[in-house]
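These notes concern the structure reproduced below.
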Amino acid sequence: MKRRDPPQKRGSVTPLPGKGSKSDSKDASATQTSKSRKRSSSPWFSYLKKFALVLFVVYISAPFTIRLFPVLLSKVVYLNMVRVPFFVDTRYPEDVLNHTSNFYLTPEEGITVGVWHTVPASRGEEAKGKDHGWFEAALSDNNPVIIYLHGNGGTRAVDHRVQLIKVLSAAGFHVLSIDYRGFADSTGEPSEEGVTNDSAYLYEWVKARSRGSPVCLWGHSLGTGIATNAARRLQEKGNAPDGVILEAPYTNIREAGAYHPFGKIYHIFPGFEYFFLDTFALSNNVFPNDQNVKIMSSPLLILHAEDDQVVPSAMAKKLHEIALTSPHSRQVKLVLYPAEHGYKHKFIYKDPELPGIIWAFLNAI
């Protein structure tokens, strides 16, 4: 009889050689997982490609847009739309500064600018509960007055500005800090002519009430161009400022733009000077510190940190040299802070010797 294999149960299948083994099952599972991963990761890869393409288009189109619409470059120069800090109401300076009064001036019809007046700390207790009239009268108390002209962006409540005011107040100075037109709660739109007019007007307002006390303009960063513009205008009117202090100054806005971190992004862009630097003049923004210090007769103090990454300290040195060769004989001093201090672009107020430097400058006037 022939040998017969045992019958198989219904529904069972005898695996063929090489198929249906555990190893084959694992391979199939791994392949399926790999395909699943590829499908899940491909959308992210697609998004990244689209994002990179958008960045490239923006990078390429920005120079042409700015050249066609120079007013956009003005927005970058002033950054007045950035109204930080967000949670400080400039009408109430007591939230960040003691013995300070808020008030408003009208340098021209239709324009109102906000100003803080901080009295010397030695009069802090006396100032409690006093109205603006008392603060205004206090300007005649023989303490020197500093008009602080801040840089671009933010308001008079920005922390490094407040910290500097505290240092100057503790050292015995009145400090008046202004938000130019278009900044913070001031009305209008900023322009070089406009912000210069606001600052010169404030100087004349203070000088009329200080009864002979020295009144100095202190400009920081963008504010240095505003300070020298105002000083030159006042001088032409026969009322040159008693002193001008420039903190982190540039030679002119065109050269400052070439070294600004935003400008560095486009240094390799073909036509960088044409699209960006030449457009400053088209947008009516020059701020010629280098030309102004040639003409100014006011005593001049320049402060700059060698680790400033926004405005190179070489510009301060150049301004110092220009001022020294000016036909006007007056005090000109440059103070450079070594990089190891870490003062960078806006922390010179941390220098413990700063009050002494300011007093020595004023006493020599």
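Miscellaneous remarks
- For the pair residue 108 and residue 141, label points projected 7 Å from Cα toward Cβ lie 3.5 nm apart.
- Relative to the current alpha-carbon distance between residue 326 and residue 92, full extension at 0.36 nm per residue lengthens the span by 79.9 nm.
- Net charge in the neighbourhood of residue 119 (other residues with Cβ under 14 Å of its Cβ; Lys, Arg +1, Asp, Glu -1) is -1.
- Computing FRET efficiency as 1/(1 + (r/R0)^6) for residue 187 and residue 42, where r is the C-beta to C-beta distance and R0 is 41 Å, gives about 0.20.
- Whole-percent carbon and sulfur share, accessible surface of region 164-255, 1.4 Å: 47
- Counting only heavy atoms of the protein chains and using a 1.4 Å probe, residue 328 has close to 70 Å² of accessible surface.
- Mean separation of Cα contacts under 8 Å (6+ apart) over length of region 165-235, as relative contact order %: 23
- Debye-sum result for region 133-211 in log10 I(q)/I(0), which assumes one identical scatterer on each alpha carbon, at q = 0.23, 0.27 Å⁻¹: -1.16, -1.30
The values are calculated or read from the model by the stated rules, or taken from the named source; none is laboratory data. Note that the structure is predicted; figures quoted are calculated from it, not measured. Note: ideal-geometry Cβ built from the backbone for every residue, glycine included; neighbour counts use all protein chains shown. Note: accessible area is taken over every heavy atom of the protein model, side chains too, but ligands, DNA and RNA are not part of it. Shrake-Rupley method; radii C 1.70, N 1.55, O 1.52, S 1.80 Å.
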